[in-house]
């Protein structure tokens with residue numbers, strides 16, 4: 001039974017709430033902010049939600065909200081007041097309240113809110129579990145930064161529904177992990193979860209991949225036909241990765257399925273009912289695609305019912321230490337390494353980088369370090385390089401001295417940026433300005449190289465072929 005802390009100076013409210021919610025939850029009623037804080041501190045790990053009145057004699061609700069946000073940042077707090085106004089609502093949400101309610105309100109709505117909050121609470125205790133397989137070393141969503149807490153809250157709100165969802169974010173942010181978390185924490189857990197990478201399937205085959213086909217539908221069609229992913233996912237979830245890459249003519253057919261819950265195989269005349277929750281993801285700007293006519297507005301509105309945006313890694317750098325430790329444990333065994341710690345130098349180096357490939361790029365970098373360095377503590381390779389190449393070490397020390405002598409407030413970032421800019425310029429010089437060749441030399445993508453070059457004001461060009 002979940003624990004709900006109710007903080008309200010009105011004894012009638014405490015009685016009525018306790019009676020209405022007491023059948024399903026362990027409601028612990030408090031008459032003041034100080035009592036509420038003591039109740040949370042008495043069992044911080046067991047509390048699922050705090051219902052907190054704003055206006056009370058003495059310490060008000062905002063006083064308690066501030067302390068709970070500081071000491072228990074992942075504990076959902078719902079602010080309650082009889083005096084609803086815009087300024088109060090904005091202040092409550094800005095200070096980190098889970099939600100804001102104005103009296104009087106429906107108890108059923110409060111129960112729904114509590115359940116959504118309990119899901120968020122479960123998601124944010126350490127990391128998002130994706131089911132029993134995650135305990136055996138499969139991927140997890142890691143991070144407790146404010147940006148990720150907002151993601152967990154959306155997962156908690158949407159998991160129990162069957163609404164279409166759209167997950168947006170840059171490449172490598174973990175959109176499929178969020179889709180799997182939606183399934184695991186929802187009513188369709190344990191049912192089929194199928195993935196279609198719309199960018200990887202040839203456009204002329206994507207329709208049959210989604211909807212299947214009848215025997216003889218086209219040259220080379222399999223005898224007996226083939227079931228599509230919608231039929232195979234019946235009762236479960238279909239994850240459409242990179243949905244922006246679906247051709248416009250096929251978008252219309254997908255829209256009809258979402259609206260009517262029926263598919264038609266390629267070459268078939270029968271309409272087949274399907275019960276499938278669609279979760280889509282994209283790294284593209286779908287609003288811009290709608291504006292230029294390459295993505296249907298009606299399909300966009302249909303899948304954008306529930307939206308979750310994943311922040312890039314550069315906007316949640318405080319999660320990098322936990323991510324590095326997690327990846328070091330996850331991949332250490334594969335290369336015969338037992339990692340007991342991560343050096344502060346490595347963490348600082350990683351937090352200074354922009355990570356255009358996001359979490360995926362960070363994971364690959366940790367795997368590379370595990371394979372190329374030794375010892376129980378994961379550390380940067382700079383010390384090894386300097387020991388083997390005194391000229392390089394001298395140049396780096398010289399650059400470091402110049403940066404420190406200039407006295408910038410962000411000397412570390414300035415040093416890393418200058419070294420990175422020099423490396424990119426040297427790679428372009430060696431390859432005659434060929435972006436593709438320079439990117440291969442550096443081990444990064446052409447897009448990453450162009451973005452970094454633009455950041456540092458380095459002109460690039462691709463020679464005519």
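The values are calculated or read from the model by the stated rules, or taken from the named source; none is laboratory data. Bear in mind the structure is a predicted one, so any value in this text is a computation, not a measurement. Note that we place each Cβ from the backbone using ideal geometry, even for glycine, and neighbour counts take in every protein chain shown.
Taken together, 333, 401, 419, 411 contain a single residue that is under 24 Å from residue 142 (Cβ atoms) and either modelled with pLDDT of 70 or more or within 33 Å of the chain's Cα centre (by Cα) (or both), which is 333. The condition of being within 30 Å of residue 448 (Cβ to Cβ) and buried (at least 17 other Cβ atoms within 10 Å of the Cβ) holds for only one of 179, 217, 200, that being 179.
Highlighted here are the helices (runs of 4 or more DSSP H) found entirely within segment 222-334 that include at least 1 residues which are surrounded by 13 or more Cβ atoms within 10 Å (Cβ to Cβ), outside the structural domain of residue 186 (by TED's automatic domain parsing) and in contact with a helix residue (DSSP H, G or I) (Cβ under 7 Å, 6 or more places away or on another chain): 320-332.
The set of residues in segment 160-174 that are farther than 18 Å from residue 286 by Cβ and either assigned to a helix (DSSP H, G or I) or at pLDDT 85 or above (or both) comprises 161, 162, 172, 174. Here residue 435 fits the description: touching a strand residue (DSSP E or B) at 6+ places or on another chain (Cβ under 8 Å) and surrounded by 15 or more Cβ atoms within 10 Å (Cβ to Cβ).
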